[in-house]
Amino acid sequence: MRTPLGVETTRRGIIAPVLEPGAPSDLELMEGIQAEDPDALSQLYDRYGGIVKALVLRVLHNEAEADDLLQEIFMEIWNQAKNFSAQKGKPLGWMVTLARRRAIDALRKKQAYARAEERLQKETEQQPDAWAHNATAEEIAFADTRVLVRRVISKLPPAQQQAIELAFFRGMSQREIASRTNTPLGTVKTRLELGLKKIYDGLKTLKDEL
C-alpha cells in the first residue's frame, strides 16, 4: 500500500521506501551482495538501516546496543546472503526475520547475564566459610580461576584494565565504553584486544607455575 509520503507499507506492517526511478531493486542488491559487491551492501544499508534499527530497538530498548547489533546484522547479511532465495520471499522479509532473531538472541543473553550477575552478587555477600562449606569442587575451581584472572588484570596498563573491567564485569558494549571514557571507539577495541591477549598469556604463565 502506497502512502502520500513516498513510502510503502508491506504486509508485515513495515514502512519501506519507494525507490527512485532507475534505482536497483532489493533483489538486484541482494544478487550484488551474493556476488560480493560491497557497494550493494552499502546501498542496502542506506535503504534499510533505519528500518532494521527500529525493529531491533523494539526488542532491546537501548540505543547503543541497537547500534552495535545493527552493524553485526548487516555483516551477517553479507556473510549469509548466499542462503537467500527469491523463491522463498522478498529480501526485506528475509532481513526482518534475521534481524528479529538476532535481537531476541541478544536480549536473552543480556537477561542471562543479568541473572548470573545477580547470583554472583548474592554469593559474594555470603560468609566466606559458609560459601566454602557448600561449594562443590567445580565451583572452587571456578573461584580459583577467577582469582587468577583478577591477578592478571591487575597487572595490565590502567587503560586496558579499565576497558576489560567495563566490558566483562559491567557488561558494557564497546560503544558504551567509548562514550563512558570519552575514548575513540577504535582505541577501545584495540585496548580490549591487547588486554585479552595479555590475560590469556598471563593465565598460561600462572598455571604453569602452579
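The residues of the stretch 85-94 that are assigned to a helix (DSSP H, G or I) and touching an Asp or Glu at 6+ places or on another chain (Cβ under 8 Å), listed by number, are 91, 92.
Scanning the stretch 42-72 for residues that are in contact (Cβ under 8 Å) with a residue 24 or more places away in the chain and closer than 13 Å to residue 92 by Cα yields 44, 45, 47, 48, 49, 51, 52, 55. Residues considered: 122, 110, 82. Of these, the only one that is more than 17 Å from residue 168 (Cβ to Cβ), modelled with pLDDT under 90, out of contact with any Cys (no Cβ under 7 Å at 6 or more places or on another chain) and in a helix (DSSP H, G or I) is 122.
Determine whether residue 27 is modelled with pLDDT of 90 or more, open to solvent by 50 Å² or more (accessible area, probe 1.4 Å), among the aliphatic types (A, V, I, L, M) and over 24 Å from the mean Cα position of the chain (by Cα). Walk me through how you get there before you give the answer.
On the way: modelled with pLDDT of 90 or more: yes; open to solvent by 50 Å² or more (accessible area, probe 1.4 Å): yes; among the aliphatic types (A, V, I, L, M): yes; over 24 Å from the mean Cα position of the chain (by Cα): yes.
Yes; evaluated as a whole, the condition is true for this residue.
Kindly list the number of the only condition in (1) closer than 25 Å to residue 185 by Cβ; (2) out of contact with any Leu (no Cβ under 8 Å at 6 or more places or on another chain); (3) surrounded by 15 or more Cβ atoms within 10 Å (Cβ to Cβ) that fails for residue 114. That leaves (3) as the condition not met.
Is it true that residue 88 is modelled with pLDDT under 90, closer than 28 Å to residue 172 by Cβ, loosely packed, with under 15 Cβ neighbours inside 10 Å and not small (Gly, Ala, Ser)? The answer is no for residue 88.
Within the stretch 167-186, residues that are open to solvent by 50 Å² or more (accessible area, probe 1.4 Å) sit with their Cβ atoms under 9 Å from residues that are basic (Lys, Arg) and not in a loop (DSSP other than H, G, I, E, B), at 6+ positions apart or across chains, in these pairs: 174/189; 185/175. State which residue is farthest from residue 20 (Cα to Cα) when the search covers only the stretch 35-77 and only residues that are open to solvent by 60 Å² or more (accessible area, probe 1.4 Å) and not in a helix (DSSP H, G or I). Going through the qualifying residues, I end up with 61.
The values are calculated or read from the model by the stated rules, or taken from the named source; none is laboratory data. All values derive from a computational prediction rather than experimental measurement. Positions of Cβ are backbone-derived with ideal geometry, glycine not excepted, and every protein chain shown enters the neighbour counts. Accessible surface areas use protein heavy atoms only, side chains included; no ligands, DNA or RNA. Shrake-Rupley method; radii C 1.70, N 1.55, O 1.52, S 1.80 Å.
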